[in-house]
Amino acid sequence: MKKSRDDYLTIFFISIIGIYILIALAFPMYAILSKSVENKDGIFIGFENYQSYFSNPALVYSIYNSLFISIITMVITISLAFVFAYALTKSCMIGKGIFRSIAMIPILVPSLLSGISLIYLFGKQGIFRDLMMGYDIYGPIGIIIAEVFYTFPHALLIIITALSIGDARLYEAAKVLRSKSIRTFFTVTLPSAKYGVISAAFVVFTLVITDFGIPKVIGGQFNVLAVDVYKQVIGQQNFEMGAVVSVVLIFPALLAFVVDRIVQRKQVAILTSRSVVHEPNKNKKFDLIMLIYCSVISVFILTIIGMCLYASLVTFWPYNLSLSLDNYQFDLMDGGGWDSYYNSIRLGCYTAFFGTIVVFTGAYFVEKSRSVKTGRSILHLLSMMPMAIPGMVLGLAYIFFFNHPDNPLNFLYGTMAILVICTITHFYTVSHLTALTSLKQIDNEFEHVSSSLKQPFYKTFFRVTVPISLPAIFEIGIYFFVN
């Protein structure tokens, strides 16, 4: 069958984005993963490093700990985020904008902030240490609470996207048939959001299993895989063993990809060309319950943030609790002072602009293109991989790859450009899933009509797809910027 102009353009754009991901992810990871089969002298030794790793009971126990923490956190976070997203999209409660803004605050801060805050609240010298009733905040309890705080907005972004587009005709039909609210929820609302919920679950699971900031701060003696990477690479300068642990951490992304593809085959479009956007009806009792729920979650988030803000103003915790701004004299500290802050703003702007373009375009071709099936599957697999790579490991991979003197891209090393590329790559998966969730709910009939009228796909993309997906596009841009 003769290929059309759209087919060639699709192949071109998929190839460009695929090459970007190969250079930004696959090649650097190959550079560091090759270390896992080498000794310290760079000599190939096969799987000896793996044998050494799995023969160490303490390191193997870290796998169990990581899975335990990740699964528990995933269940709690998805449950909390779904109800919160449901309140924002399906209720008429007051203050939706305020609650949504508060829920996004954890994205603004590094993951370890929640761990630090919990130490100030419930640690050995914490304000509410007596509330622990003999339990220790250092360990799995502290890690789970802190990880729920950290991953909550990530799950919320995806689930809100899944719930925000619903066909009002289905809800009207349920109302005419006098279906109870609970039945409507399980037969209309939940099926339409199923793909988003599953995607969010794997995002949370992988974020937790690859995070080392929180376990490092509040984990105590509770070892997890990501901390093992930190100990091996930073503590012992054992890059070979750190690469071995990195390989173990990649498996969740592969599992996520397989499950994602299985669910995707069963997913149907929710928004068709004849759909009517669903607007929730007022229900005082339900709206009040949702208001109370969102208030409780918001108080929890603000307490974590507020505690760290207060502690930053304390002169010397807990012995001198007088407030001062001494801790904010950045120019007197190592790290670049205020220049670092301004560089962070520049990095956020560049990452948001270029990252949104790359991610949404890539997701569009993965979801809406009907040609190059193998290429689309490979692109989607590569898009899922960054979530399984801890930022520290990705940064080390960039050192080995881009700093190599024989690499023609060596000129990027030490520039703002390499920071933008690394940041886009590191946060690619969540944005990719957010875009996919939005695109899946737009009927493919738009593309079919455009094709039958012999209109190029990019006209449909700019005139139909982008306007409908603007909320998701803005979410992706904000996600990149604040991270």
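What base-10 log of the normalised intensity I(q)/I(0) is obtained for segment 1-114 from the Debye formula, alpha carbons as equal point scatterers, at q = 0.18, 0.20 Å⁻¹?
Those come out to -1.03, -1.08, one per q.
Show the residues, 5+ positions off or on another chain, whose built amide H is closer than 5 Å to the amide H of residue 38.
Under 5 Å from the amide H of residue 38 lie the amide H atoms of 45, each far enough along the sequence or on another chain.
Quick one: putting +1 on the C-beta of Lys and Arg, -1 on the C-beta of Asp and Glu, what dipole do you get for the chain around its Cα centre, in Debye to the nearest 20?
2240
If I require 20 Å or longer along the helix axis, counting alpha carbons, and a Kyte-Doolittle average no lower than 0.5, what helices from the chain are left? Use full DSSP H segments.
Passing helices, by number: 5-21, 57-90, 140-164, 190-210, 239-266, 284-313.
By how many nm would the segment from residue 292 to residue 478 grow when fully extended, if each residue of separation counts as 0.36 nm and the alpha-carbon distance is taken off?
So the chain would gain 64.3 nm between residue 292 and residue 478.
Pairs 90/368; 90/373; 284/440; 373/440: which are spaced more than 25 Å apart, C-alpha to C-alpha?
Going by Cα-Cα distance, 90/368; 90/373; 284/440 fall outside the 25 Å limit.
Hey, what's the per residue convex hull volume over the C-alpha atoms of segment 292-391, in cubic angstrom?
Residue-normalised Cα hull volume stands at 199 Å³.
Evaluate segment 122-165: find the radius of gyration of its Cα atoms, find its Kirkwood radius, and give the ratio Rg to Rh.
1.24
Show that you can apply the helix-only estimate: for the chain, add -39,500 (n - 2.57) for every DSSP H stretch of four or more residues, divide by all residues, and state [θ] at 222 nm to the nearest 500.
Helix-only estimate at 222 nm: -21500 deg cm²/dmol.
Beta carbons within 10 angstrom, averaged per residue: use that to sort the peptides 218-230, 347-359, 296-308, highest first.
Those peptides, ordered most packed to least, come out 218-230, 347-359, 296-308.
Tell me, what is the Rg over Rh of the chain, with Rh the Kirkwood radius over Cα pairs?
Reported Rg/Rh, Kirkwood definition of Rh: 0.98.
Of 110, 192, 329, which is farthest towards the positive pole of the chain's charge dipole, taken about the Cα centre with +1 and -1 on the beta-carbons of Lys, Arg and Asp, Glu respectively?
The listed residue farthest towards the positive side: 192.
Read-outs throughout are calculated quantities, based only on the coordinates presented, and are distinct from any laboratory measurement. Model, not experiment: these values are computed from the prediction. Every residue, glycine among them, receives a Cβ derived from its backbone with ideal geometry; neighbour counts consider all protein chains shown.
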